1. Y168's amide H: which non-local residues (gap 5+, or another chain) put their own amide H closer than 5 Å, with H modeled 1.01 Å from N in plane and none for Pro or chain starts?
2. With +1 on each Lys and Arg Cβ and -1 on each Asp and Glu Cβ, and nothing else charged, work out how big the dipole of the stretch 12-73 is about its Cα centre, in Debye to the nearest 20.
3. Give the distance, in whole Å, between the Cα centre of the stretch 14-86 and the Cα centre of the stretch 117-180.
4. Mind checking which of V64, S32, L164 is farthest towards the positive end of the chain's charge dipole, using Cβ charges of +1 (Lys, Arg) and -1 (Asp, Glu) about the Cα centre?
5. For the chain, what is the mean residue ellipticity at 222 nm derived from helices alone (per DSSP H run of n ≥ 4: -39500 (n - 2.57); sum divided by total residues; nearest 500 deg cm²/dmol)?
6. Most mobile of S68, S131, S88 per a Gaussian network model of the chain (Cα springs, under 10 Å)?
7. Roughly how many debye, to the nearest 20, is the charge dipole of the chain about its Cα centre, given +1 on each Lys and Arg Cβ, -1 on each Asp and Glu Cβ, and no other charges?
8. With a 1.4 Å probe and every protein chain left in place, tell me how much accessible area W176 has, in Å² to the nearest 10.
Amino acid sequence: MGVTLGHPPIPAVVYSAEAIATRVQQLGREISAHYRYKEVIALAVMNGAMLFAADLVRQLDVDVALDSITVRSYEQGTVSPGSVELLSRPTRTLSGKHVLLIEDIVDTGHTLNFLKAILWETGPATVSCVSLLNKPVRRQTEAYADFIGFDIDDVFVVGYGLDLDGRYRNLPYVGWLPSL
Ligand code: IMP
């Protein structure tokens, strides 16, 4: 399609802004039903999930507080395979609360498992995860998101929060970026 918004062109839109909005609405209903009468802390995993989290929490009809957690995930071969660094913790007390991690994508699964392990140490009632995207064929470790927007194949995608070196996050859709 070649929409650029000033970036190098994205050859194919994988999920349009409209398709994302529809799925986010459905997820909002599903998650609201799951957490009925519960006190939820939604944790946006920064930076990738910031756009998804902003849209999703507005579709939640539950008692929810929004907070964030920041991690840096290293690619295979850069530091040690699948290593993840914690850059910032949530500011709220999570003890006794129902924590909902909001992720952009579950790929190898290392980041999600790292996050869950850290959060369980804080004594929450439950820890669950909603991820906009899920790439099951890329898993290197057993990792499980409770709510998933879309399952995708092994393709690198950008937009709607997902980046390549910090760029493309602002695209309103998820697009395919072929390897250079
Ligand atoms: P993990 O491999 O499941 O630990 O995921 C690590 C991180 O890699 C994700 O949170 C994303 O930030 C990033 N990532 C994985 N696949 C993609 C992609 O297709 N586009 C952009 N970022 C990705």
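1. For Y168, no residues qualify.
2. Roughly 120 debye, rounded to the nearest 20.
3. Spelled out, the Cα-based centre of one part sits 9 Å from the other.
4. Of the candidates, V64 comes out farthest on the positive side.
5. Numbers: 3 runs with 37 residues, N = 180.
Rounded to the nearest 500, it is -6500 deg cm²/dmol.
6. S88
7. On the way: 15 positive and 20 negative charges, 52 e Å.
Value, rounded to 20: 240 debye.
8. Per-residue accessible area (W176): approximately 100 Å².
The values are calculated or read from the model by the stated rules, or taken from the named source; none is laboratory data. No experiment lies behind these values; they were computed from the predicted model shown. No Cβ is skipped: glycine too gets one built from the backbone with ideal geometry, and neighbour counts run over all protein chains shown. SASA here: full protein model, heavy atoms, side chains in, ligands and nucleic acids out. Shrake-Rupley method; radii C 1.70, N 1.55, O 1.52, S 1.80 Å.
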